[in-house]
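To start, the structure under review is shown below, and the notes come after it.
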Amino acid sequence: MLIEQTRILSLEKHLGFLSEEGTEFILGVSLNEEDRYNLQEIGFPNEINNGDTVLPSANIGPVSNYNAEGKYIKHKDKEMETAYMQRKWKWKEFRGPDKRVERSKIVDVPYKRYPRTFKEPPSLELSFIIGEPNIIKINYLFEFKEDNRESIKHGVNLLLEIFERCEVYTEDLEKINRPNIKRLNWKVLPKGKYPWEQLKPKLEEVIKDQPSGKHPVIEKRFEKINKHDPRFIAVGQAGFRGYLIFGFPEDDLYVLESTEYGNATYVLSENWEELSQLTKSQLLNNDLHEQRIIHRESWGNKVDELLA
């Protein structure tokens, strides 16, 4: 599994396939000739031996700096406090009418700042392993579990900052590849515009699980969105049953609507190919939505404003 980018923000998007609780793995990179400069920059000598290990230099970038030095978390929600910085203060003393002597001392200068908490450096070290090819690995066996998430993300970003790539290995340094998963959670209706009279019969299967008294309300919501001529409509299958996505790719908008009364309409801006491969929890719980329109009396007006 190769990650090639500047930085990752979402662990699920890149390493979600390891999400079984307790999965153990190593982060590293397979080296090439162009990496020699990077090795010297992080602190390895010209002649490297198998097992040589260093704490990467703090001067490479912000991730490496935090890894080696730690960082301060500012609390801007609290009142400012008085802190002190030291400065060298110089002055001249008169020693008679024609003589002046320059003097100096270190003084504390007060200033105002937000309170801050020091976060200890993770201090992840990198080890050189001879092989075919040679490998640089983080000298730590990661375990995929909830309280390790920040540590894993930091490890990935540390390697991305230094080498612009990161790979996932077993404890025996065998590469772990992402399985080729094809999710079948959505059925895209045939292309073309669907007047409500045409679409309504296709949605009867979606709505039928809801109490009959709610059908008119659910149908009205679907009809309202459909009036804005979506480019495509995808119907949720299996565990996504009861969800529809109305796609407006020309505006980079994808409207996720549910048959559940009292839920909300989610307006997404990711492309459809990515959306269709997300799990349900990723789709609903990872702040992917641009807007969330609650099912209230003002719902229809807000949808019209959005899709006008």
Just one listed residue, out of 282, 291, is at pLDDT below 85 and in a strand (DSSP E or B), and it is 291
Exactly one condition in (1) in contact with a strand residue (DSSP E or B) (Cβ under 9 Å, 6 or more places away or on another chain); (2) at positive phi; (3) without any contact (Cβ under 8 Å) to a residue 60 or more places away in the chain is false for residue 111; which is it?
(2)
I need a count of the residues in the range 38-60 that are acidic (Asp, Glu) and either under 23 Å from the mean Cα position of the chain (by Cα) or modelled with pLDDT under 90 (or both).
2
From the list 69, 81, which one is over 30 Å from residue 31 (Cα atoms), of a type in the set (D, E, K, R) and surrounded by 10 or more Cβ atoms within 10 Å (Cβ to Cβ)?
81
Tell me, yes or no, whether the range 216-234 has at least one residue that is among the aromatic types (Phe, Trp, Tyr), touching a Leu at 6+ places or on another chain (Cβ under 6 Å), part of a strand (DSSP E or B) and not assigned by TED's automatic domain parsing to the domain that holds residue 10.
no
I'd like to verify a number: residues in the range 202-250 that are touching a Ser or Thr at 6+ places or on another chain (Cβ under 8 Å) and hydroxyl-bearing (Ser, Thr, Tyr), how many?
1
Of the listed residues (150, 197, 161), the one being without any contact (Cβ under 8 Å) to a residue 40 or more places away in the chain, over 23 Å from residue 278 (Cβ atoms) and either surrounded by 12 or more Cβ atoms within 10 Å (Cβ to Cβ) or not polar (S, T, N, Q) (or both) is 197
Scan the range 114-139 residue by residue and report those that are surrounded by fewer than 12 Cβ atoms within 10 Å (Cβ to Cβ) and of a type in the set (Lys, Arg).
119
Checking the condition among the basic types (Lys, Arg), more than 27 Å from residue 40 (Cβ to Cβ) and modelled with pLDDT of 85 or more, which residue from 90, 71, 137 passes?
90
Residue in the range 213-225 that is more than 30 Å from the chain's Cα centre (by Cα), among the acidic types (Asp, Glu) and under 27 Å from residue 267 (Cβ atoms) present
yes
Could you list, in sequence order, the residues of the range 6-37 that are under 19 Å from the mean Cα position of the chain (by Cα), modelled with pLDDT of 80 or more and surrounded by 12 or more Cβ atoms within 10 Å (Cβ to Cβ)?
7, 8, 10, 11, 14, 15, 27
Would you call residue 81 farther than 18 Å from residue 161 by Cβ, touching a helix residue (DSSP H, G or I) at 6+ places or on another chain (Cβ under 9 Å) and either without any contact (Cβ under 8 Å) to a residue 40 or more places away in the chain or not basic (Lys, Arg) (or both)?
no
Test: residue 63 is crowded, with 17+ Cβ neighbours inside 10 Å and either more than 19 Å from the chain's Cα centre (by Cα) or assigned to a loop (DSSP other than H, G, I, E, B) (or both):
no
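The values are calculated or read from the model by the stated rules, or taken from the named source; none is laboratory data. Quantities reported herein were computed from a predicted structural model and do not represent experimental measurements. Neighbour counts are summed over all protein chains in view; Cβ atoms, including those assigned to glycine, are modelled from backbone coordinates with ideal geometry.
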